[in-house]
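Each remark here refers to the structure printed beneath this line.
The values are calculated or read from the model by the stated rules, or taken from the named source; none is laboratory data. What you see is a predicted model; the values in this text were computed from it and never measured. Cβ sites come from the backbone with ideal geometry, for glycine too, and all protein chains shown count toward neighbours.
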Amino acid sequence: MKSIRKILSLLIAICMVLSLAACGGNKPTSQGNDTTTPGTNDTTTPDKPAIDTSKRVDLVFYVMGDPPKDEQAVEDALNKILLERVNATVDFQFSTWTDWAQKYSLELTAGTADLIYVANWNNYGTFANSGAFLPLDDLLPVYAPKLLEVVDEGLYNQCRVNGVLYAVPATWPEYTVSGVKYREDLREKYNLPVPNSIENFEKYLLGIKEHEPNQGLLTVTAAESSGLITAFDAFMIVNFKYPWVNINGLPYGLAANYDTPSEVYDYWYSEDFIEDCKLMKKWADLGFWSKSALSDPNNDTAFINGLCVAEIAGQNPNKHIAAVNDFEKNHPEWKSAYIAYGETNGVIYPAAATQNATAITAQCKNPERALMVLELLLADEEINRLVQCGIEGVHYEITPDGYYKNLSEDFMYENLNTWNLRNNDFKLPQLSDAILNDMFKRYEELGNKTKWPNINVYGNFTEDYSAYAVERGAVSDVMRQYLAPIQAGFVDDVEAAVADFLRRAEDAGLKACRDGFIEQYKAYCEEYGYK
Amino acid sequence: MKKDTFRMHLSRCAAILGKEHYGKNLTVWLTMFFSIISILLSLPYSKWISVINTDALYKKLKLKASVIETLDTKYSLFNILTFVKDTKAGSIGLYSMLLLFVMIATLYFLCLYIFRVFVKKKNTNGNLNLYLVGKSASFFGMLLTLGLSGYISFSASKLGVKCFALSPMAYIVGILSFISYVLIKIVEVEERKKYKEHGFFQEFKKNWVLFLMLIPTFIYFMINAYLPMLGVYFAFTSFNFRDGLWASPYIGFKNFEHLFRADLYRLTKNTILYNLVFILVGNVAQVAFAIFISQLVSRWFKRTTQTLIFMPYFVSYVILKVLVYNLFEYKSGVINTMLVASGLERIDFYNTPYYWPFLITIFYLWKNLGYGMVVYLAAITGISDEYFEAAKIDGANIFQQIRYITLPLIKPTFIILLLYALGSIMKGQFELFYQLIGNNGVLYNATDIFDTYVYRITTTQPLNIGIGTAAGLYQAVFGFVLIMVTNAIVKKSNPNYALF
Amino acid sequence: MLRREPASTLVFRLISGFFALTGAIVCVFPFIVIISGSFTDNMTILHKGYSILPRDFSLEAYKTIFKAPQDILQAYLMTTYYTVVGTAIGLFTTTLCAYVISRNEFKYRNNVSFLIYFTSIFGGGIIPWYLMYASVLNLKGSTLAIWFPALTSPFLIILMRTFIKDAVPDAITESAKIDGAGHVTIFFKIVLPVLGPGLATVGLFLALGYWNDWYRSSMFSTSSKTWELQFYLYNLLNAQTAIKQMAQNSGLSHITELPTESVKMAMAVVATGPVLLFYPFVQRYFVSGITIGAVKG
């Protein structure tokens, strides 16, 4: 009965998507008297109805992180322009990094913000599903037609949740591929292999251990991530081995290969898993990480301070660049290098569009004006530059060869944390972007060779676990308690420990989670045609 | 003129009713009879609320035929929430729940009243306690009827269709309650005169300044505690943004399953044991050190030690975590380095649960010793020197002085603090555990407390309002029962030591 | 005073002195490590760990913190403001309420006590509490939202009630009433003057609560201008964890510079220092050994 209902609703959702794509959203708009037929991709740009902007509107834009020192100055400059253009102001409010996840959902509940930063890592899908954001399909063509031109339709489609568009993504294509960051200078010095596979990585670490016994090797800890995939940082190294559709595999110990996304198979019960856990035990016994690693107040600065010689979890090209810059400044003799897991296992795809996007909250009282402002912020070069870089001449200048140069520490690059307003056409390159662009180019080439060229197959999937939330919570707890020590190699008998863990996970309701997940995920694959 | 006659009638009534053994008993028996009727009328089998305009309502709520089949058309207050649940009419959920609470309170007081009529307690103020119960019962009865009539129009406005009708039984209960209330009020007057007790209005007249003094506190607790308390309702809903906080679907006790799915016994046991140790050992250590410091002669020494003992209070747990890790780390931690240097085996602290209950207790004491000590120091300082002087003259040595003067005089403070802490026995020192243990699952069996578990569960899902509230409710009910029992016991032995 | 004390007293004093000293050393030890850490070069801490004396003296951490002193001064200023205003109003509110429920002549003292205590057990949780201030009262961004929620607490009221009960027995207020004094007169002329230790204790707790708080800034501040000192510092620490949590999926390139170990230690010193300077002034109420009010007996 339940599954029938689910399939039904899925069918309806698919129909909706199809109808949207086919006739460009012929649904009656919420504006009632508005008779224009908005098109998502066709050439007829709708006549902009005379929008009444006589009343001044003060909007709040909720973004992540900490405010820059010169927030006020930039806001004042921005508001001067915005008042002229659309008679509105924007006040950026910052989540700060203290309790940000909780505060983010409180902000949505209280509804004090109008525009809000959304991202997949910030549960965009779940929030959108739950009705936290305003559907934009009908509003965009009327109030922000320019956004339809600036942002690719493909990107919009990635932001759709159950066929409804809730967010306007940034247009800067980006690869946030996970990988291993390591010390190239040490590798060269001792003539060790490039750590591009599990075996080579082991050789690399052993080589360093042999030559510099006092050097720390890895600073890893129990994974903070609540994605229910892995429980210990170091375990991410297995990504060298598996061409999985998603980094670390799928939740609940499932996995699927990138080339066959819909063929979900089991990982935790497989021989591979035991083998991988044994590898972790071997590494732990070799002393690659501290025996107290599970409680390590993991020092994110360990790598740049030379406390470890590689980082394998939570890395991306940008972090590599940060390390490069830091080494240049503080330790010119050190060199950082980066190798993406995908370069070995052949699965590389760009970041999902929902990585950085903007939504309008459901409680927003002036969605029209909010959209108009968003259009200006994202699609107007002058305004976009102002928001992203600050005031020219005060905070930054453009070098003769077209690079961004910072002039004041009070407002650094993208200091308003509006990563969601990155516009590929206007984004000023930084000097360090050269390395980054090289990397991206390489990834793009690799990505083109995959079965789904440069498509983040898993990226759009949103799991709706409300039906098995209880089991999911319990499984996550079992993972923390029993899987983490296994993956950290702290158990004596790996096979027995894995069996014990699996038994407890089953008791906690692993099967319910898996069934629920697979059903939704398969439907998703079917919907998007990933076979 | 008319008013006067009314008054005369009233006083005559009062005279008859108020007469010992006759009117009074008559009233009591009559109101008790009313109570029995009220109870009979409000039991679950009598359906007070009937659903009308069903077609329009179901259409409005967009119900599927399969759901409609399962729906009843008549409900009592006890199962009206199932209607809310089945129809997903969350917007009337909170009101339904509040009505249920009023209903239960009414039944409780009605039963208590009947019980008290038969089992008379010997009291210094005659029947006044009995009347108070009776008044409460009839008050809630009236409130119930009023609330129900409000409910009809509230649901009509929220659901957009006039959907409920109230059965006359609800009104009967209201009327009976009203009559009982008036009757008891009348007989109470005489009784009050006899025992020189007074009601709220006299008290207000007499002590209005005191009431005035309570206003700032009243405002504070209304805003900070009582109004937000309505949020307890979230424990029974599955929140989503589309329906909003108050209209999200009512799901009964589903959120509590998160707790029962866990090893609730282990969590409860750990939490309570840790807290008991913290409370007892903590208070004893604080008292001991307060006495030590009060005994010091040199003022400079006194002040310095006291300040120094206070200092750990300022070390935030985030910093403490870093220091503790540096102390206990396996390879390069301070302790293990020292052990190795003196030729001993390393200790694997972070993979051995056994050590942590002790370590955590020590760090708790270390951090809170100075803070808690202040209360006792102030209490000791408040003791008049004359007592000690007199004792010295009588030849009491220092231990006797402490035993017979200091300890008895700080006993009330000790007991009050102890009692106070008991209410929060299911709430843990979250920061302490979370920062020191973090995600180290190996240690969970010995160190996992309720709050850390709930924290872990809630971080796995962004829409966790319900789970968090449910957990809070469990802790609160636990603490509440405990504190009511303990307070009653303490009150019996010495009312001065009771919290309330 | 000069009378010879019996030997047992002297022995006990010696024991007291020993324990007090040991306690003080144990308690101050980590603080010394923190202070020493704040003066140590960051690389030394990372590679050699913490020590009692700075191994490699460096003022770098303090230079980093005070590089832009106006921020931290602003945070100091705001915290002082919250502490002074909150403690003053809070102490007044608490004492008034405690006085009322400590009087036996007040018929509803137990009911009120219960209602107050009840709030320490039952609560609606953070969300409705937050919505009350943010949505209903619309106080988000206001300084009121930062000091009001900590104005008093059941614990402090009940503590104060105990102090008042001890210092001013009902007999005294009764006789004052016979002399024609009203409650206001009794409160200001009789109760307050003898309440030294109680006021000092509760005032200290209130002030410490305000000084150490970061949570309300985190919840209600919309501009860094209204940040509390502890939040300013704590937030720096949090950036680190947060970045780790999300960095995996996002291309966040440049975020605030992460605090080094020595900066963390220096922050702890900076946040605590002023309180330690202030504490001795309150302390005399707990250690003077003389009863301030001679009402008893």
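Overview of values
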{"quantity": "Subset of region C:206-224 that is in a helix (DSSP H, G or I) and facing chain A (nearest Cβ under 9 Å) - its residue that is surrounded by the fewest Cβ atoms within 10 Å (Cβ to Cβ)", "calculated": "C:Tyr215"}
{"quantity": "Which listed residue is within 21 Å of the chain's Cα centre (by Cα), more than 30 Å from B:Asn494 (Cβ to Cβ) and buried (at least 20 other Cβ atoms within 10 Å of the Cβ), from B:Ile457, B:Ile437, B:Ile465", "calculated": "B:Ile465"}
{"quantity": "Qualifying positions in region B:477-500 - facing chain C (nearest Cβ under 10 Å), part of a helix (DSSP H, G or I) and either among the acidic types (Asp, Glu) or touching a residue at least 40 places away in the same chain (Cβ under 8 Å) (or both)", "calculated": "B:Phe478, B:Gly479, B:Phe480, B:Leu482, B:Ile483, B:Asn487, B:Asn496, B:Tyr497"}
{"quantity": "Residues of region A:485-519 satisfying the condition of being more than 30 Å from the chain's Cα centre (by Cα) and among the aromatic types (Phe, Trp, Tyr)", "calculated": "A:Phe490"}
{"quantity": "Selected residue [over 38 Å from the mean Cα position of the chain (by Cα), surrounded by 16 or more Cβ atoms within 10 Å (Cβ to Cβ) and not acidic (Asp, Glu)] from B:Lys367, B:Lys392", "calculated": "B:Lys392"}
{"quantity": "Lone unmet requirement of (1) in contact (Cβ under 8 Å) with a residue 60 or more places away in the chain; (2) at positive phi for C:Asn138", "calculated": "(1)"}
{"quantity": "Filter result for B:Asn336 (closer than 30 Å to C:Thr260 by Cβ, within 14 Å of chain A (Cβ to nearest Cβ) and either in a helix (DSSP H, G or I) or without any contact (Cβ under 8 Å) to a residue 12 or more places away in the chain (or both))", "calculated": "yes"}
{"quantity": "Residue within region C:150-169 that is in the same structural domain as C:Ile186 (by TED's automatic domain parsing), part of a helix (DSSP H, G or I), of a type in the set (Lys, Arg) and touching a Cys at 6+ places or on another chain (Cβ under 9 Å) present", "calculated": "yes"}
{"quantity": "Residues within region A:182-225 that are aliphatic (A, V, I, L, M), farther than 28 Å from A:Pro485 by Cβ and in a helix (DSSP H, G or I), tallied", "calculated": "1"}
{"quantity": "All positions within region A:115-140 that are within 19 Å of C:Tyr130 (Cβ to Cβ) and more than 11 Å from every other protein chain (Cβ to nearest Cβ)", "calculated": "A:Ile116"}
{"quantity": "The lone exception for B:Val375 - which of (1) touching a Ser or Thr at 6+ places or on another chain (Cβ under 9 Å); (2) on the phi > 0 side of the Ramachandran plot it fails", "calculated": "(2)"}
{"quantity": "Pairs where the first residue, in region B:450-461, is facing chain A (nearest Cβ under 10 Å) and the second is polar (S, T, N, Q) and in a helix (DSSP H, G or I), C-beta under 8 Å, 6+ apart", "calculated": "B:Arg456/A:Ser476; B:Ile457/A:Ser476; B:Thr460/A:Ser476; B:Gln461/A:Thr126"}
{"quantity": "Among (1) more than 10 Å from chain B (Cβ to nearest Cβ); (2) buried (at least 19 other Cβ atoms within 10 Å of the Cβ), the one test that C:Lys67 misses", "calculated": "(2)"}
{"quantity": "Matching residues in region C:170-181 - criterion: being of a type in the set (Ser, Thr, Tyr) and either assigned to a loop (DSSP other than H, G, I, E, B) or surrounded by 16 or more Cβ atoms within 10 Å (Cβ to Cβ) (or both)", "calculated": "C:Thr173"}
{"quantity": "Region A:452-484, residues that are basic (Lys, Arg) and under 25 Å from A:Trp172 (Cβ atoms)", "calculated": "none"}
{"quantity": "Test for B:Ser180: is it touching a strand residue (DSSP E or B) at 6+ places or on another chain (Cβ under 6 Å) and either modelled with pLDDT of 90 or more or assigned to a helix (DSSP H, G or I) (or both)", "calculated": "no"}
{"quantity": "Only listed residue being at pLDDT below 95, within 12 Å of chain B (Cβ to nearest Cβ) and within 21 Å of the chain's Cα centre (by Cα), chosen from A:Tyr524, A:Tyr465", "calculated": "A:Tyr465"}
{"quantity": "Members of region B:55-76 that are touching a residue at least 60 places away in the same chain (Cβ under 8 Å) and surrounded by 15 or more Cβ atoms within 10 Å (Cβ to Cβ)", "calculated": "B:Leu57, B:Lys60, B:Leu61"}
{"quantity": "Residues within region B:217-262 that are away from chain A (no Cβ under 11 Å), of a type in the set (Gly, Ala, Ser) and assigned to a loop (DSSP other than H, G, I, E, B), tallied", "calculated": "2"}
{"quantity": "Among (1) touching a residue at least 40 places away in the same chain (Cβ under 8 Å); (2) within 14 Å of chain B (Cβ to nearest Cβ) - the single one A:Val478 does not satisfy", "calculated": "(1)"}
{"quantity": "B:Phe78 being under 26 Å from the mean Cα position of the chain (by Cα), part of a loop (DSSP other than H, G, I, E, B) and not acidic (Asp, Glu)", "calculated": "yes"}
{"quantity": "Unmet criterion (only one of (1) under 30 Å from B:Leu419 (Cβ atoms); (2) modelled with pLDDT of 85 or more) for B:Phe314", "calculated": "(2)"}
{"quantity": "Residue count for region A:189-240, restricted to those that are without any contact (Cβ under 8 Å) to a residue 40 or more places away in the chain, more than 30 Å from the chain's Cα centre (by Cα) and surrounded by 17 or more Cβ atoms within 10 Å (Cβ to Cβ)", "calculated": "2"}
{"quantity": "Pairs, first closer than 21 Å to C:Pro6 by Cα and in the same structural domain as B:Ala290 (by TED's automatic domain parsing) in region B:400-419, second surrounded by 16 or more Cβ atoms within 10 Å (Cβ to Cβ) and of a type in the set (Ser, Thr, Tyr), C-beta under 7 Å, six or more apart", "calculated": "B:Ile405/B:Tyr387"}
{"quantity": "Selection from region C:100-140 of residues that are aromatic (Phe, Trp, Tyr), assigned to a helix (DSSP H, G or I) and either more than 25 Å from the chain's Cα centre (by Cα) or at the interface with chain B (Cβ under 7 Å from one of its Cβ atoms) (or both)", "calculated": "C:Phe114, C:Tyr117, C:Trp129"}
{"quantity": "Unmet requirement for A:Thr358, which otherwise passes all of (1) farther than 29 Å from A:Thr176 by Cβ; (2) crowded, with 21+ Cβ neighbours inside 10 Å", "calculated": "(1)"}
{"quantity": "Set C:Val282, C:Val263, C:Val184: member being assigned to a helix (DSSP H, G or I) and modelled with pLDDT under 80", "calculated": "C:Val282"}
{"quantity": "Identity of the residue in region A:277-291, buried (at least 22 other Cβ atoms within 10 Å of the Cβ) and part of a loop (DSSP other than H, G, I, E, B), that ends up nearest to the other protein chains (Cβ to nearest Cβ)", "calculated": "A:Ser290"}
{"quantity": "Of all residues making up region B:472-498, the number that are in contact with a Leu (Cβ under 6 Å, 6 or more places away or on another chain) and surrounded by 23 or more Cβ atoms within 10 Å (Cβ to Cβ)", "calculated": "1"}
